[in-house]
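Read through the structure below, which is laid out as structure tokens, and then see the notes.
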Amino acid sequence: MIEILPDTACMLYVGSMVIMLLLAWVRSVHKERKKILQYTHSAIRCEFCAASFTNTRTGPLSRCPHCGLINNAN
Ligand SMILES: [Zn+2]
């Protein structure tokens, strides 16, 4: 039988908290990456010249290759 000292219990507690925080962080990063991918592969129609193109930028804003003006992907 393994004897659990208060120090060991504290270390286990802190360790599990660190793991939970790490998991939450990884999950948020994954979510953010998914969002970026959604923007990156979305087809956009230019608001100004009506040309359709694919968003190659990692964000909601993209520049039209035809007229050079910035469009909002939403
Ligand atoms: Zn345009």
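The values are calculated or read from the model by the stated rules, or taken from the named source; none is laboratory data. As the structure is a prediction and not an experimental result, all values here were calculated from the model. Cβ atoms come from the backbone with ideal geometry, glycine included; neighbour counts cover every protein chain shown. Surface accessibility is based on the protein's heavy atoms, side chains included, excluding ligands, DNA and RNA. Shrake-Rupley method; radii C 1.70, N 1.55, O 1.52, S 1.80 Å.
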- Can residue 27 be described as of a type in the set (Lys, Arg), at pLDDT 90 or above and not in a loop (DSSP other than H, G, I, E, B)? yes
- Note on the structure: Of the residues in the stretch 50-74 that are out of contact with any Pro (no Cβ under 6 Å at 6 or more places or on another chain), open to solvent by less than 60 Å² (accessible area, probe 1.4 Å) and within 9 Å of the ligand (Cβ to nearest atom), the one that is modelled with the lowest pLDDT is 71
- In the stretch 1-31, what residues are open to solvent by 100 Å² or more (accessible area, probe 1.4 Å) and within 27 Å of residue 62 (Cα to Cα)? 27, 30, 31
